[in-house]
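Below: one structure, written as structure tokens.
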Amino acid sequence: MKLPTLLDYQQAVQIPRLSFLDDQLRESVPRLTPLGMPAVATGGFALTFDVSLDGRRHAVRCFHRHSDNLELRYACIAEFVRSAALDFLVGVDYQPAGIRVRGHCWPIVRMEWIDGARLDDWVQENLDRPAHLDRARLGLGFAVAELRRRGAAHGDLQHGNILVLPDTSVRLVDYDGMYLPGLSGLGASERGHRNYQHPDRSNQYDVTLDRFAEEVITVSLAALARNPGLWREFNTGENLIFSAADFADPSASALFARLERMPGVAAAARRLRDACLVDFQDVPAVLDADALAPYRSGAPYRSGAVGGAGCAGVTGPALAAGPAPAGRAAPADRSALPPHPVRPVRPARPAGPVPVGGHEAVTRHPRPAGAVGVVSTVSAARYLRTRPLRPAPVPVGGPGVLSALDRAGLLARRGEEITVVGRVVRVRQLERTGMITVLEFGDDRGGGFSVVGWDRVSRELVATHGDPARLAGTWVRVIGQLAVDDRGSSFHGPTATSPARLVRPTGPSWSSQSSGSGRDGRDGRGSRDGRGSRDGRGSRDGRGSRAGSGSRDSRGGRSDAAAGRPPAPRIELRRGSLLRVLTERQAESLLNRPGTVPAAPATRSAYGSGPVLPPRRPIPPPPVPGPTLTRSPAWRGWS
């Protein structure tokens, strides 16, 4: 059976007493957007609603994609979270029949609401606080190490699943892809975010799932703490600074080239680059430069006793031949790793910034008695030379880039987080509870696409671009969750969903729709249409009733649906940096070639995927064999 859509869930959550089957949730109150609809955050499998109950906030997750063995997975996950009692995990309550939509009952997951910021939003607000970035990085490393020590993995570490609290502590959410030993027989339910996962990750499902993504986030936070300008240059709204194209072809990555020259980050960046070149199962052996040889008085022991995935490439049986010579460490595989000198004891923790892969690695991989370190940056390079590398990388398919004029494609992606490129036709600014900025990319009466920025985002747009009216006529790239107004656009002027004052519309006028700047209802030119009816927001049609945006809302009798407006897709900006101005050439490149590996940093500052290429030129057909026909002269008439 087809799962409900975003709009179906929103309409159900609007009436908790009728939709929720849980007695407590029936008394809850959903948080609403300025348009009066329940606020929702989208994810790979579920939609998350914010509801309040007795002064406490809860997150209700409703699934919009099918997942195998969902009830069994969450039963094990709930038991693990409850028994582990880890501060960075949030308790879950899976209800197989939690919400009623269209006469059918569907599962939900109820969780305590965490009053924290998404990692990407928090990073943007703390770029000038390197100490905060370092603390969050160390907190995430501790959380991943604790999960690995218990034989578990989150499975989808990325900016949207990591919340940072005001005290810089982290919380992990969204456990749909979590690995537990008891779930190993079910297999992976997802592959994680492409901008945080190894290129070879597919259906792997083991305790090492988080190792690559952890290193991506760790290197990103450390680099931003030292050079905040990387955020503006490489962040695309779907990542921190790395993208899937960097992992597919590290040698062509401008970001890797920068990081490998950055003090304090260079060694970790080189390890991450090397990890991109090996198979997925070999990633921990390359990344864990402080991995330990399980050697204790010549007797082998299991690598799991050392601390988990850090010793995945070092096993006890390889040391069964006996103790290593004096001053030498016993390698895991004598044919692949030649002996190396014993690593000196690590000095005491120094003061100042924490280098990546520095003394905090001791916390992740505690050194047992008698253990000797054998893997270093040099040995990792030797390891790469002895192992066959993966085939040459192929172009990576980027996230779908849609044109703002592709209305059918936009409507088909309802509820998804997408990238849209288009040219702004008109800018509106409205005043309600705060300033609202609306960017229109087409005729809103015809269901054109629009971008909405509420009060805080409007201030960010002013701080970044100056007067928002200057965006009219420019090409932009915007990333966000696509919503659809089935009753047509809600921003037609002062008679929109709630009372508002039209501050200033900018842009061209159409014959069927004007800016509405005239007091008497005339368009910007003061003209009337051919039928003699006024053209504007306060216009009347030929029947003498108000039409278009001048129609009455539900309180006045006539609704938008009665006016016959088609559904209008829109994106509500979560932050101002998700909208970036492009050149026309960059916009054509993103729309024509969205799935190729980037080759120039200038493209990354615009989007992060797809080289800046000239528009495609038509190729003439090959000449037809045979004599060349000359064009006959023009006929001059009868002589």
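The values are calculated or read from the model by the stated rules, or taken from the named source; none is laboratory data. Nothing here was measured: the structure is a model prediction, and the numbers come from that model. In case anyone asks, the SASA skips ligands and DNA or RNA and just uses the protein heavy atoms, side chains included. Shrake-Rupley method; radii C 1.70, N 1.55, O 1.52, S 1.80 Å.
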Quiz prompt | Accessible surface of region 117-288 [probe 1.4 Å, protein heavy atoms]: carbon and sulfur percent | solution = 50 percent
Quiz item: Leaving out ligands, DNA and RNA but keeping every protein chain, what accessible area does residue 129 have, in Å² rounded to the nearest 10, with a 1.4 Å probe?
Solution: 100 Å²
Quiz prompt | Integer Hz, Karplus 6.51/-1.76/1.60 couplings in order for region 434-442, x for Gly and Pro | solution = x, 6, 10, 10, 10, 9, 9, 10, x
Quiz item: Rounded, prolate or oblate: which fits region 117-288 when a ≥ b ≥ c are the square roots of the eigenvalues of the alpha-carbon gyration tensor, with rounded for a/c under 1.5 and prolate only if a/b beats b/c?
Solution: oblate
Self-check item: Solvent-accessible area, 1.4 Å probe, carbon plus sulfur percent, for region 6-112
Solution: 49 percent
Practice problem: Hey, can you find the accessible area per residue of region 1-90 for me, probe 1.4 Å, expressed in square angstrom? | Solution: 49 Å²
Self-check item: Rounded accessible area per residue of region 117-288, 1.4 Å, Å²
Solution: 30 Å²
